[in-house]
Every structure is written in C-alpha cells, then in structure tokens.
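The values are calculated or read from the model by the stated rules, or taken from the named source; none is laboratory data. Since the structure is predicted, the reported quantities are computational estimates derived from the model, not experimental observations. Note that we place each Cβ from the backbone using ideal geometry, even for glycine, and neighbour counts take in every protein chain shown.
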Amino acid sequence: MPIIKFENVIKSYRFGENELVVLHGISVSIEKGEFVCIMGPSGSGKSTFMNIVGCLDTPTSGKYYLEGIDVSTMDVNKLAEIRNKKIGFVFQQFNLLPRATALENVELPLIYAGASSKERKQRALHMLEAVGLKERAHHYPRQLSGGQQQRVAIARALINNPSIIFADEPTGNLDSKASVEIMEIFKNLNEDQGLTTIIVTHEPDIAEFGKRQIRFLDGKIISDTKS
C-alpha cells in the first residue's frame, strides 16, 4: 500500500466569477521509504501539491490517501491531528524561536503532545545528537550558523517520530557546503531509518540526492523518473 496516493486530484481557487485551476487531475503514488524530490518553476503547482500532501490544504475534487486513509475531506481539526502525528516539516527559513535554545526549539512539538519535562529533554538531546549538534544544545539560534540552525529544525521535525518528512527548499538559505551536509542528513535518515522523505527544490544538484524526481509544470506532472 502506498504511503501517499493521489487519485485525479484537482485544486482550484475562485476569485469572484473567475476560477484558477492550479492542479489538473494529479494521479501519483509514493511508496513508504522512498526519497522523492519535487521540482518545477514558480507557479507550476508543486507548492500546492505539497500543501495537500502535508495536510495543510484539501483537494477541490479527487482523492488523497495517506497511509490508506482518505484525508481529502477531513476538517481542519482532523488534518491538524494527522499533521502532528505523521508529518515532520522542514522549511527554508528554519522557523526557530530566537529566544529559545536549540534544545528548547526541538522540544516544542513534545510540549503540544503533552510529554513530561524529563521525556522532552531526553528525546530532544537524542535528536540533536542524531544531527550532530548535541554539544550546541544550549546555544541560541543567533549563535548557530545557517547549517546548524537547519539541523535543529530537522531534529525538531523528527521529534514525534513522523511517518514522512517534508522539506520545502531546505537548502535555499545555505551555502553549497552546508547544503550538501544537510542533504546528507536527509539521505542517511532515508537509508538508515527508512524514513519517507519528500523535498521540494529548484536546484538540480540537490534533486540528485533523491532516488526519484517528479517535475511539475502548469499544474501537471510532466516527468517522473527514478535514479
């Protein structure tokens, strides 16, 4: 059973009497444990696709199954519950709290999950160690390089043991050395832990880290290749 399955998904937005169709009948499946890179120019539909995959939006029509569950018609509360349990997000801007330490930033999702203080600290330290940043646990974001901040963001995304990790342009604010280091972390997570990994990027060299590349153009998938 695919972890992600789209069946003829259409997404459109209404502006008065006008309708803008952003996704034109997308049908695609992603298997558990795949490493997929989503590519395409601005306005191609890749961000809308990712928003639906990440349960941040719903299709106008068609079906989206996540781990075999039809989530395409769920309300916002159910979608939020699915997101918190099954999906880890990593963004281009890091989205760290500036007045919280690396450890405290990683702990955040566990606070919402109701974990005890002791459990939060233990799990957060373990995740920071997994991304090579345990010795920086008590540093603030301003004391960390861009690459280190993104590692903290990855640790935070992993803290609830998600089924899928989504990264939207995760190397967009990093230099080439830090970009490769971050992509190696994703590669290791995928290969060592079998974590389903989906990354949006416009950089061909970054997309090469994926084992599958899906390209969007004008709201349609124009190529789907495995490397």
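Within the range 83-105, if we keep just the residues that are crowded, with 17+ Cβ neighbours inside 10 Å and aliphatic (A, V, I, L, M), the residue that is nearest to the chain's Cα centre (by Cα) turns out to be Val90. For the condition out of contact with any Lys or Arg (no Cβ under 9 Å at 6 or more places or on another chain) and either at pLDDT 95 or above or under 22 Å from Gln148 (Cα atoms) (or both), Ile206 qualifies.
Which of the residues that make up the range 62-105 are touching a Ser or Thr at 6+ places or on another chain (Cβ under 6 Å) and under 22 Å from Phe186 (Cα atoms)? Lys86, the sole residue that qualifies.
When the residues of the range 167-181 are filtered to those that are buried (at least 24 other Cβ atoms within 10 Å of the Cβ) and of a type outside the set (Ser, Thr, Tyr), the one that is nearest to Phe94 (Cα to Cα) is Pro170.
Among the residues of the range 183-201, write down those that are of a type outside the set (A, V, I, L, M) and either over 15 Å from the mean Cα position of the chain (by Cα) or within 23 Å of Gly132 (Cα to Cα) (or both). Working first, answer last.
Applying the first criterion (of a type outside the set (A, V, I, L, M)) to the range 183-201 yields 184, 186-188, 190-194, 196-197, 201.
Within the range 183-201, Glu184, Phe186, Lys187, Asn188, Asn190, Glu191, Asp192, Gln193, Gly194, Thr196, Thr197 qualify.
For the range 1-49, filtering for residues that are under 22 Å from Ile69 (Cβ atoms) and among the basic types (Lys, Arg) leaves 3. Counted as qualifying within the range 1-68 are the strands (runs of 3 or more DSSP E) with 3 or more residues that are closer than 21 Å to Ser223 by Cβ and of a type in the set (D, E, K, R), namely 4-15. Looking only at residues of the range 22-60 that are among the acidic types (Asp, Glu) and within 23 Å of His202 (Cβ to Cβ), we find that the one that is surrounded by the fewest Cβ atoms within 10 Å (Cβ to Cβ) is Asp57. Residues in the range 95-135 that are assigned to a loop (DSSP other than H, G, I, E, B) and over 23 Å from Ser163 (Cβ atoms): Leu96, Leu97, Pro98, Arg99, Ala100, Thr101, Ser116, Gly132, Leu133.
Does Ala178 fit the bill of being out of contact with any helix residue (DSSP H, G or I) (no Cβ under 8 Å at 6 or more places or on another chain), of a type in the set (A, V, I, L, M) and outside any strand (DSSP E or B)? Don't jump to the end; show me each part of the working.
Values: out of contact with any helix residue (DSSP H, G or I) (no Cβ under 8 Å at 6 or more places or on another chain): no; of a type in the set (A, V, I, L, M): yes; outside any strand (DSSP E or B): yes.
No.
The set of residues in the range 58-85 that are among the polar types (S, T, N, Q) and under 18 Å from Pro109 (Cα atoms) comprises Asn77, Asn84.
Checking the stated criteria, Ile222 turns out not to satisfy the condition of being in a strand (DSSP E or B), crowded, with 18+ Cβ neighbours inside 10 Å and on the phi < 0 side of the Ramachandran plot. Per the listing Arg151, Arg136, Arg156, the residue uniquely in contact with a Lys or Arg (Cβ under 9 Å, 6 or more places away or on another chain), charged (D, E, K, R) and within 27 Å of Val36 (Cα to Cα) is Arg151. Tell me which residues, restricted to the range 69-89, are of a type in the set (Gly, Ala, Ser) and part of a loop (DSSP other than H, G, I, E, B). Ser72, the sole residue that qualifies. Note on the range 1-21: among residues that are surrounded by fewer than 19 Cβ atoms within 10 Å (Cβ to Cβ) and β-branched (Val, Ile, Thr), the one that is nearest to the chain's Cα centre (by Cα) is Ile10.
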